[in-house]
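Asker: Here it is: the structure, laid out below.
Throughout, read-outs are computed from the coordinates displayed, never taken from laboratory work. All figures in this text were calculated on a predicted structure; none of them were measured in a lab. Methodologically, a virtual Cβ is constructed for each residue, glycine included, from the backbone with ideal geometry; neighbour enumeration extends over all protein chains shown.
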Amino acid sequence: MAANITDVSDTNFQAEVLENDQPVLVDFWAPWCGPCRMVAPALEQIASERDDLRIVKLNTDENQQTAVQYQVLAIPTMILFKNGQEVKRIQGAKPKKAIEADLEPALA
């Protein structure tokens with residue numbers, strides 16, 4: 001895992017994501033999820049290329065409270081938060097270019 005993608009949990013989600021000054025993309029994933037593993041390299045590339053976006057991972061098996069709170073019913077789901085609010089939701093495994101295209105309008 002790239003040093004610039006950190007893990008968050010139910011306990012630190014508020015501080016790490018909702019109270020963060022910059023936009024945060026949360027990757028809801030689980031270790032057994034094949035498509036989640038396919039998305040990971042693309043997210044690591046995006047994280048290394050962008051200073052205006054923080055990317056974190058939340059293991060839905062270990063942090064069910066947050067997954068339920070945001071109604072994450074399928075993984076991978078990526079939710080972009082700005083100023084503590086959900087502004088974009090991306091579901092399913094997509095290539096890097098598609099993820100960036102989805103994120104761009106919300107980050108502009």
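Asker: How many nm separate the modelled label positions at SER48 and ASN4, each set 7 Å beyond the Cα in the direction of the Cβ?
Answerer: Output for this residue pair reads 0.9 nm.
Asker: Same structure again: What's the FRET efficiency of MET38 with GLU100 using the Cβ-Cβ distance as r and R₀ = 22 Å, to the nearest 0.05?
Answerer: Calculated value: 0.90.
Asker: Oh, and also: With runs of 4+ DSSP H residues as the only contributors, calculate the mean residue ellipticity of the chain at 222 nm using -39,500 (n - 2.57) per run, divided by the residue total and rounded to the nearest 500.
Answerer: -9500 deg cm²/dmol
Asker: Also, I was wondering about something else. When the chain is modelled as a GNM with alpha-carbon springs shorter than 10 Å, which of LEU73, LEU53, LEU43 fluctuates the most?
Answerer: For the chain, modelled as a Gaussian network with Cα springs under 10 Å, the answer is LEU73.
Asker: Counting Lys and Arg as +1 and Asp and Glu as -1, each charge on the Cβ, what is the dipole of the range 31-108 about the Cα centre in debye, to the nearest 20?
Answerer: 140
Asker: So, one more: Please state the shape class of the range 1-80: rounded when a/c is under 1.5, otherwise prolate if a/b exceeds b/c and oblate if not, all from the C-alpha gyration tensor.
Answerer: oblate
Asker: Additional query: For the range 9-32 and the range 43-70, compute the distance between their C-alpha centroids and round to whole Å.
Answerer: 5
Asker: Apply 1/(1 + (r/R0)^6) to the Cβ-Cβ distance of THR11 and VAL68, taking R0 = 22 Å, and write down the FRET efficiency to the nearest 0.05.
Answerer: Details: r = 15 Å, r/R0 = 0.68.
Approximately 0.90, to the nearest 0.05.
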